[in-house]
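Heads up, the thing below is written out as structure tokens.
The values are calculated or read from the model by the stated rules, or taken from the named source; none is laboratory data. If you're wondering where the values come from, they're calculated on a predicted model, not measured in any experiment. We place every Cβ from the backbone using ideal geometry, glycine too, and count neighbours over all the protein chains shown. With ligands, DNA and RNA removed, areas are computed over all heavy atoms of the protein, side chains included. Shrake-Rupley method; radii C 1.70, N 1.55, O 1.52, S 1.80 Å.
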Amino acid sequence: MALHVVDPWNDARWDAYVASHPRATVYHTSQWIRIVCEIGRYPSLCLLHEHDGKVTGVLPLVAVESRLTGNRVSTLPFSDVCFALTDDAGTARALTAEARAMRAKRGAAFYEMRGLPALRDGSDATAEGFVASGHFYNYVLPLQADEEALLRSFSKKSVRYMINKGERGPLSFRRGDTADVAAFYRLYVRTRRRHGVPPQPERLFSMVIGQLAGAALHLAEYEGTPVAAAITASYNGTTYLKYEVSDERHRELTPIHALLWKSIQDAIRAGDHTYDFGRTAGDNTGLNQFKQRWGTTQVELPYYFDPPAAGMSVVKSDSLKYRIFTRVFRTMPEAWTVRVGERIFRHFG
């Protein structure tokens, strides 16, 4: 048995193992991990487990070193889930034990696991000694080849009506590329400011569109100007909705509903079996209801901490600090939010 700390993008064994594992997600790929490490300037601590010369497990892992939010070891910033992939429970225990030892050796405050280790037989390993946080939900939509039948499964008033309105109106829809990232980013900054959240840097989205296989930029335009956009990524039969943004000044055109339906149709035609609407905080009532109306299945998305800690990823929106933080960003000029976001985003991954 051997454990290795590797940079996944420099070790072909990593992606070969990920591609072979039935529970693998886009967040396990070396391309995604490299983007996270480069954009956040996080040291890679990714673990690869071998037995008799054969890879039997991998664990995406980075160190977040921050004077602002504290030092921690995490799997994986900016990723909804990113659990260990293993052949068996013994490998899962070895990887988890090594990650905990690395946390202690570095003097980090805690180790955060975004999901339990996944075994090759489809089951989950246990997490002895960890405390679970149930702050998030995931929403997944099983896809079917019959698009009309799938459409009928959506809420008639809240989704289907909005899709029809968007499709019959003056909007046009197209796929974008790296040249359209700037237009996406303008909408993204406005959307984040509206929610009182600092934006991540534009370079992140350029890297996703330019470097992540299966990533796509979807645009809804009115008179040649983007009024809504979404970034998706497809891997292992699942399309992940990573980011969706819109211009509130054109809300009456209902562009986001029609745009998401276009991306769902693209996923069906590409042969994917699942559309993942992404992580949602349990206390975000409006967003939870929005995703439920698409006929999705709600899935609990617990994160695990060792030792017990209130990690940055599970700060609740009703806390005083969060309310003050978002109020400041809602009133801040857009240009300032970009500058501040570029400096602090890595601390909150």
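Some notes on this structure:
- Just one of the numbered conditions (1) more than 18 Å from Ile35 (Cβ to Cβ); (2) open to solvent by 20 Å² or more (accessible area, probe 1.4 Å) is not true of Val245: (2).
- Taking region 142-189 as the range and being of a type in the set (Phe, Trp, Tyr), more than 27 Å from Ser206 (Cα to Cα) and open to solvent by 30 Å² or more (accessible area, probe 1.4 Å) as the test, only Tyr161 passes.
- Here Ser44 does not fit the description of being closer than 27 Å to Gly90 by Cβ, out of contact with any strand residue (DSSP E or B) (no Cβ under 7 Å at 6 or more places or on another chain) and among the small types (Gly, Ala, Ser).
- So Ala118, is it under 27 Å from Pro43 (Cα atoms), modelled with pLDDT of 95 or more and in contact with a Lys or Arg (Cβ under 6 Å, 6 or more places away or on another chain): yes
- Subset of region 84-110 (residues that are buried (at least 19 other Cβ atoms within 10 Å of the Cβ), free of Cβ contacts under 8 Å to residues at least 60 places away in the same chain and not acidic (Asp, Glu)): Ala84, Thr86, Thr91, Ala92, Thr96, Ala99
- Test: Arg203 is over 20 Å from the mean Cα position of the chain (by Cα) and open to solvent by 70 Å² or more (accessible area, probe 1.4 Å): no
- Which listed residue is touching a Leu at 6+ places or on another chain (Cβ under 7 Å) and in contact (Cβ under 8 Å) with a residue 40 or more places away in the chain, from Arg160, Arg203, Arg192, Arg174: Arg174
- For region 118-141, a residue qualifies if it is open to solvent by less than 40 Å² (accessible area, probe 1.4 Å) and over 30 Å from Leu68 (Cβ atoms), and the qualifying residues are Ala118, Leu119, Ala125, Tyr139, Val140, Leu141.
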